[in-house]
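First comes the structure, then the notes that go with it.
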Amino acid sequence: MLFLLFSPYFSLSVLLSFFSLFFFLSLPFPLFPLSLPFPLFPLSLPPPLVIEKTSLLDILRNILDSQELSDNVDVVLPQSDVIARCDSQRMRIVFLNLLLNSIDAVGKSGEIQIRFHDYKELIKVEFEDSGSVLEEKDIEHLFEPLFTTKQKGTGLGLSSVQNIIKEHGGTISVTLHPTIFTIILPKTLD
């Protein structure tokens, strides 16, 4: 849920979509077919990616500087940096969501390891935590909108993460025992 605060485009598009829907449904029936909110539709689309060379380690450090962690939660950052061609604001949303999910999973004590692997054609980013919140039955629904395993979750975080990664031509997957979220990004975007 916190990622919405960091994305004015997403918050605005959700807000406009709700207003469009309520406006559309509140019109009298004879006007209904003629009242599609077409002028509002383009505003609900995400803006195009702003691709630039970005330090993934800098994004992580900036996120960690803004988070209050329990003294018993250790976050192990990658030893070396990776420079990726990506939209730094959207990648911040991805990393923030995955980090917050890991923090929730470990609770008051545990370890979160973040690893970068720089290959010839792609970049692999892994978020591993020592928490045990996820179950096998949840994996197939994990990236679906509105699916959550948390009591206070909205079910929008991982869905947004997957959409952003897809916009970058990449993939995201998860494995259990331990929980590892793996992002694969191509080094060049078409």
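Nothing in this text is a laboratory measurement; each read-out follows from the coordinates by a stated rule. What you are looking at is a predicted structure, and each value in this text was computed from that prediction instead of being measured. Glycine gets a Cβ as well: all are built from the backbone with ideal geometry, and neighbour counts include every protein chain shown.
Computed values, structure above
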quantity: Net lengthening on full extension, His177/Ile139 (0.36 nm per residue, minus Cα-Cα); calculated: 12.4 nm
quantity: Charge tally in the Cβ shell below 10 Å around Ile112, where Lys, Arg are +1 and Asp, Glu are -1, Ile112 excluded; calculated: -4
quantity: Extension reserve of the Lys108-Glu52 stretch, reckoned as 0.36 nm per residue once the Cα distance is removed; calculated: 16.5 nm
quantity: Lys pairs under 26 Å by Cα in the range 49-186, provided they are eight or more residues apart or on distinct chains; calculated: 13
quantity: Translational diffusion coefficient (Stokes-Einstein; Kirkwood radius from C-alpha pairs) of the range 49-186 at 25 °C, 0.890 mPa s, in µm²/s; calculated: 161
quantity: Alpha-carbon gyration tensor eigenvalues x 5, square-rooted, for the range 57-97, Å; calculated: 20, 13, 7
